[in-house]
1. To the nearest 10 degrees, how steeply does helix 274-291 sit against the main Cα axis of the chain, on a 0 to 90 scale?
2. Given labels modelled 7 Å from the Cα in the Cβ direction, how far is it in nm from Arg19 to Ile136?
3. Under the rule of at least 5 residues apart or a separate chain, name every residue whose amide H is placed under 5 Å from the amide H of Met201.
4. Express as a percent, rounded to the nearest 5, the fraction of DSSP beta bridges in the chain (both residues included) that run antiparallel.
5. For Ser80 and Thr308, what is the calculated FRET efficiency with R₀ set at 22 Å and r taken between the beta-carbons, to the nearest 0.05?
6. For each pair in Lys157/Lys213; Lys84/Lys231; Lys44/Lys157; Lys231/Lys312; Lys44/Lys312, compute the distance between the two Cα atoms and list the pairs where it is over 29 Å.
7. Picking from Glu314, Glu16, Glu47, which is most flexible by a Gaussian network model of the chain using Cα springs under 10 Å?
8. Treating the angle as unsigned and between 0 and 90°, give the value, to the nearest 10°, between the Cα long axis of helix 123-133 and the longest Cα principal axis of the chain.
Amino acid sequence: MTTDNKPANTFDVSTERMRSLTSASDLAIADRMVAIREQFIPLKRDEILARLMRNAMASLTASSVNKPNKKRIIAICGESGAGKSTSVAFHVARQELLKPYRDEDGVLVNPVLVFDAPAPCTPRLLAIEGLLAMGIQVQDTIRENEVWLRFRKMLRKHKIKFVVIDEVQNAIEFANSSQIGIIADALKQIVQQRDWPVHMMLAGVPPLGALIKRKHLLNRTSTLHFDPIDKGDETTQLEPIVTRIIELHAGLAKDEDLNDDFLLRLAHACTNDLGTAIGMARDAVELVLYAGRTTVSLNDFADIYELTGCKKGENIFLSDRWRSITPETAPMREGDQDWVEEHQKPVKKIAKRGEVSE
């Protein structure tokens, strides 16, 4: 809970100083890009997420007592750049029931708790991160069972009804089976509190599914996968999105070279990650705005891709052999490759007692 709230359109002192030293034209473009980047682009998967959120809100209003076997967790799974965090933020923000309000004592209450699983992470550190997100400091010596008990109590004290944990893979990526079990049990306890029903949304990349598959979570979870752009369907999926960003959101024109071949190159450059493609289109728009032009062309996307650190002749938007270029290795040079080869050597298996060493 908090007793004050800074208006969203104000800036801190440091930012105000920076704005005062920036030209009016650059400020106008910066503010325009903020508005463009805040535009949400709904996709088919958002229809499903909207339905899941509607069901969650209905469940919260139906009873103040938790019922057994309720699906109170929404899991959003997808690779980095799929647009998970953006979609989660949009759908949570549009719920009237989850907006901040003043309680009977005039205290401002935010019924949503949002935080990222820290990296590195343990079950104990995950609970501590949640408490810190509520503004609660904890002693370094607090034990695992104590910190989870306190976390559950604080959810009720702060009148939190919806918990969002992003980057959940951090909590389980290097965890052993026992630690994953502890986290699964802790999350189950949060959503099944009988006297304080709480809904939860988990978002992350693989191995998030390894957590959800635990039976006591699987029965309580609705899972939505943010899959990459379909191979063979790149132009159909990307064309309306790129057009929307350039023409509708930015008010600019598309050059004729932003054709089907360009869309295939864009998908490849972004490893078929939709969120990454959206970000690249917005970056190209920003480049054009600062250049004082009104048309976005293939060269603008090439200039943006060059900032990945790709070698000369390996720009996916310009090369004839673009299909054979691996975008993930664009920043790497010979020294980087040497380091990777050295550190990815297979570890020799140590034979157990009674086994023959390989």
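Coordinate-derived values only; no laboratory data. Predicted model, so just to flag it, every value in this text is computed and none were measured. Here Cβ is always computed from backbone atoms with ideal geometry, including for glycine, and neighbour counts include all displayed protein chains.
1. For 274-291 against the chain, the angle is about 50 degrees.
2. So the two model labels end up 3.5 nm from each other.
3. Excluding prolines and chain starts, which carry no amide H, the hits are Ile74, Val163, Val164, Ile165.
4. 10 percent
5. Efficiency, from the Cβ-Cβ distance: 0.90.
6. Details: Lys157/Lys213 31 Å; Lys84/Lys231 20 Å; Lys44/Lys157 37 Å; Lys231/Lys312 27 Å; Lys44/Lys312 38 Å.
In this structure, Lys157/Lys213; Lys44/Lys157; Lys44/Lys312 lie more than 29 Å apart at Cα.
7. With Cα springs under 10 Å in the chain, the top fluctuation among Glu314, Glu16, Glu47 is at Glu16.
8. 80 degrees
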